1. Suppose the filter is farther than 18 Å from residue 74 by Cβ and loosely packed, with under 15 Cβ neighbours inside 10 Å; does residue 266 pass it?
2. Can you tell me which residue is nearest to residue 205 (Cα to Cα) among those in the range 104-142 that are of a type in the set (D, E, K, R) and out of contact with any strand residue (DSSP E or B) (no Cβ under 6 Å at 6 or more places or on another chain)?
3. Does residue 151 satisfy the condition of being without any contact (Cβ under 8 Å) to a residue 60 or more places away in the chain and either in contact with a Ser or Thr (Cβ under 8 Å, 6 or more places away or on another chain) or within 16 Å of residue 112 (Cβ to Cβ) (or both)?
4. So residue 41 fits all but one of (1) surrounded by 11 or more Cβ atoms within 10 Å (Cβ to Cβ); (2) without any contact (Cβ under 8 Å) to a residue 40 or more places away in the chain; what number is the exception?
5. Just need a number here: residues in the range 224-269 that are touching a residue at least 12 places away in the same chain (Cβ under 8 Å) and outside any helix (DSSP H, G or I).
6. Filter the range 280-293 down to the residues that are of a type outside the set (A, V, I, L, M) and either in a loop (DSSP other than H, G, I, E, B) or surrounded by fewer than 20 Cβ atoms within 10 Å (Cβ to Cβ) (or both) and list them by number.
7. For the range 294-310, does any single residue satisfy the condition of being crowded, with 21+ Cβ neighbours inside 10 Å, more than 14 Å from the chain's Cα centre (by Cα), in a helix (DSSP H, G or I) and of a type outside the set (Lys, Arg)?
Amino acid sequence: MEQQDFTWSEEKEPHFQRRKVIMEAHPEVKKLFGNDPSLIIKTLIVAALQLSIPIFFLPENPWLFALLVILVGTTLTHILVLAIHEITHDLAFKNKVLNNWLAIIVNFPIVVPFAMAFKAYHAKHHWHQGKEGVDTDLAVKWEARVFRGPIGKFIWLIIQIPVYAIRPLFVHPLVPDKWQIINALVQTSAMVGLYFLAGWPGLLYLAISTTLATGLHPISGHFVAEHFIYKEGQETYSYYGWWNKLIWNVGYHNEHHDFPTIPGSKLPELKKIAGEYYDNLYAHKSYSKVIWQFLFDNKISLFSRVKRNK
């Protein structure tokens, strides 16, 4: 039977204490802190590839168009979304301003300006994980009650991107800062420029790719895998499968929350150094299996998250 409410905890989020213990036991992890310059080139290449498709390689045949969106466009979009996650942790450049600009540029193929708003809200997710009214990563009660059962959860998976964009406006609205305004203005200009280069079909390719990047795409399993309760007593989960090679090791999610200043490229090394703190935790082996369980296991719902009032 599906839960009727979230799992409420009086304890502090688990990562602060584990980070402290690991630092005491393995002070050498400090050597992993810092930025990853290779992230700059890699993310720009992926962004350039996704932008070049509507400009140079978009087929007129509607079936080939659909196939290109489903197989290539959605995958590249999701890789870029997770690249922005990495960049907004200031892990590409040492300079925060340069990281902001890189995130804004990599945002181009995703159509909507979300990078700088994501940066603001994602920081709160890290430092106030699960806190009611602050962590907008969690569903609200009415949302969890509406999207129930296999069909409801399937619809929720499909519309995750607009839901993640709209939910903060109701849960924890923030006044847009300078960088969010810059993000919006630059993104609008970029889309106008793309229209002149690729027309409406080009914009449609990017828009559909962004919309369908979630849903049943295997990579979108990370949305559910990271914090939905799959084992009682555990709040955050890692995934160590092969998708990590394409998604900046975001699957190393316990490691990432413990040490958000360590680039994804070095998280496997962190796990190796402090393996005694991670090897005993439940970890996912397949994002596709995560999606299947989420849809058809009635014990897992949008209520399967830990919330706290403080």
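Any read-out appearing in this document is the output of simple, stated calculations on the displayed coordinates, not a laboratory observation. Everything quoted here is computed from the prediction, not taken from an experiment. All Cβ positions, even for glycine, are placed from backbone atoms using ideal geometry, and neighbour counts span all protein chains on display.
1. So residue 266 does not fit the description; no.
2. 119
3. no
4. In the conditions (1) surrounded by 11 or more Cβ atoms within 10 Å (Cβ to Cβ); (2) without any contact (Cβ under 8 Å) to a residue 40 or more places away in the chain, residue 41 misses (1) alone.
5. Of the residues in the range 224-269, 26 are touching a residue at least 12 places away in the same chain (Cβ under 8 Å) and outside any helix (DSSP H, G or I).
6. The answer is 280, 282, 285, 286, 288, 289, 292, 293.
7. yes
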